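The structure appears below as structure tokens.
The values are calculated or read from the model by the stated rules, or taken from the named source; none is laboratory data. These figures come from a predicted structure and were not determined experimentally. Note that we place each Cβ from the backbone using ideal geometry, even for glycine, and neighbour counts take in every protein chain shown.
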Amino acid sequence: MHRSRGFSLVETLVALAILAIVITTTIAMFAERTRRLREANETILAFQALSNEAEYWRREPFTEIDKPDNQTFKSDLTILTPMAPYTTEVKVDAPRSDVRNVTLTIHWAKREAHLGIARANTGGSGLW
Amino acid sequence: MRRRARGYTMLEISITLAIFGVFLFIIVTMTAEMRRNEKKWPINFFAHPEVGSVLARMRRDIYDSTSRPENFETYSSSPLTLIVYTINNDGTAETVVWDFTTPGEAHRKAFKATLLSSEWMARGLPLFIATTKAMPSGQEAIRIQAVDTEKKLAIDELIVPRPHA
């Protein structure tokens, strides 16, 4: 008489291995999607802060730009709270005596966002 | 002799349950992590593209504005109502009223003289607030902020009108 038989351990393990591959792939895709969305949201917040900061630096008197103690972020950075801890950096290059390139950077979680503006010495006319 | 029907051994069931348990643990941990992350963020900008639309339109209106009237028709300037007198691409001018008084909605109404010339609205938004901020240069910026239902700051943008000759 044919004996009734359940699945063997090998059969069960093979089935579980296939299931594991499917589940792992799904989880990995989901995690990747979440990560990319988070990074995209971070970028949006970072560039809001950089854009606000650029508004200040566009209006900074030309003679004040080079002063090292002035090279800090001046705008309200509350918007960056979800990205804490973060650091900010202002870098000023002088390609010509009457031009300054100001690069604003926000660093967070091994990522960074930059925004650069060029300032020309217009003799205090208020033009950018 | 008849062989008795055999089920799984305790070892087989234990191994199967252990593997299943590991997967369950991974899924629960990742779900909790994702929920924690979602709560940390003010808004998913990609799930709410209308937030970007409102900002883009407001930027254009404010950049090209020449004045900010205190009152217009039945509207009065307040953090929930922004009134700007702005220049169009064709050189004509119009008064634009941004009305955020209805929670979750933004209404943009443009008037040529006192006639309503266009109306646009967006729904499903965080609460927008428009205030003014004096820049160190003496210019006045319009500060657009938006907070979600948990009061987390989603938008904080300074827009300074362009100089007009």
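Could you give me the residue pairs with C-beta distances under 6 Å whose first residue belongs to segment A:78-96 and is closer than 20 Å to A:Glu39 by Cβ, whose second residue is assigned to a loop (DSSP other than H, G, I, E, B) wherever it lies, and which are 6+ apart or on separate chains?
Sorted first by the residue in segment A:78-96, then by its partner, the pairs are A:Pro82/B:Trp41; A:Thr88/A:Phe73.
This table checks each residue for (1) among the acidic types (Asp, Glu); (2) in a loop (DSSP other than H, G, I, E, B); (3) within 9 Å of chain B (Cβ to nearest Cβ).
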position	(1), (2), (3)
A:Leu19	no, no, yes
A:Val22	no, no, no
A:Thr25	no, no, no
A:Thr34	no, no, yes
A:Glu39	yes, no, no
A:Thr43	no, no, no
A:Phe47	no, no, no
A:Glu60	yes, yes, yes
A:Glu64	yes, no, no
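So A:Leu50 clears everything in (1) under 18 Å from B:Glu157 (Cα atoms); (2) free of Cβ contacts under 8 Å to residues at least 24 places away in the same chain; (3) crowded, with 18+ Cβ neighbours inside 10 Å except one condition, right? Which one?
Every listed condition holds for A:Leu50 apart from (2).
Inside segment A:4-54, can you point out the residues that are of a type in the set (Asp, Glu) and more than 32 Å from the chain's Cα centre (by Cα)?
Passing the criteria: only A:Glu11.
Among the candidates A:Leu50, A:Leu104, A:Leu45, A:Leu115, which residue alone is at pLDDT 95 or above and either among the basic types (Lys, Arg) or within 19 Å of B:Gln145 (Cβ to Cβ) (or both)?
Answer to the check: A:Leu50.
Looking only at segment B:114-125, how many residues end up being crowded, with 17+ Cβ neighbours inside 10 Å and modelled with pLDDT under 90?
Adding up the residues that qualify gives 1.
Among the listed residues B:Met10, B:Met34, identify the single one that is on the phi < 0 side of the Ramachandran plot, out of contact with any Lys or Arg (no Cβ under 9 Å at 6 or more places or on another chain), within 14 Å of chain A (Cβ to nearest Cβ) and modelled with pLDDT under 80.
Answer to the selection: B:Met34.
Could you check segment A:74-121 for strands (runs of 3 or more DSSP E) lying wholly inside it with 3 or more residues that are loosely packed, with under 12 Cβ neighbours inside 10 Å and either of a type outside the set (Ser, Thr, Tyr) or more than 19 Å from the chain's Cα centre (by Cα) (or both)?
Result: A:86-96.
With the requirement that a residue be at positive phi and within 16 Å of the chain's Cα centre (by Cα), what does segment B:100-120 give you?
If the condition is that a residue be at positive phi and within 16 Å of the chain's Cα centre (by Cα), then B:Gly104 is the only one that fits.
Checking the structure you have, find out if any residue of segment B:105-119 is in contact with an Asp or Glu (Cβ under 6 Å, 6 or more places away or on another chain) and in contact (Cβ under 8 Å) with a residue 40 or more places away in the chain.
There is no residue in segment B:105-119 that is in contact with an Asp or Glu (Cβ under 6 Å, 6 or more places away or on another chain) and in contact (Cβ under 8 Å) with a residue 40 or more places away in the chain.
Could you please find all residues in segment B:71-87 being in a loop (DSSP other than H, G, I, E, B) and touching a residue at least 24 places away in the same chain (Cβ under 8 Å)?
Listed by number, the residues that qualify are B:Glu73, B:Pro79, B:Leu80.
So that you can scan it fast, the table gives a plain yes or no per residue for (1) part of a helix (DSSP H, G or I); (2) crowded, with 16+ Cβ neighbours inside 10 Å; (3) modelled with pLDDT of 90 or more:
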position: B:Phe20; (1), (2), (3): yes, no, no
position: B:Leu24; (1), (2), (3): yes, no, no
position: B:Arg59; (1), (2), (3): yes, no, yes
position: B:Pro69; (1), (2), (3): no, no, yes
position: B:Gly91; (1), (2), (3): no, no, no
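Just one of the numbered conditions (1) farther than 22 Å from B:Glu157 by Cα; (2) surrounded by 12 or more Cβ atoms within 10 Å (Cβ to Cβ); (3) free of Cβ contacts under 8 Å to residues at least 40 places away in the same chain is not true of A:Asp69; which one?
(2)
So, A:Ser75, is that one facing chain B (nearest Cβ under 9 Å) and of a type outside the set (Phe, Trp, Tyr) or not?
yes
Hey, among the residues in segment B:131-165 that are among the small types (Gly, Ala, Ser) and under 25 Å from B:Lys39 (Cα atoms), which one's farthest from the other protein chains (Cβ to nearest Cβ)?
That would be B:Ala146.
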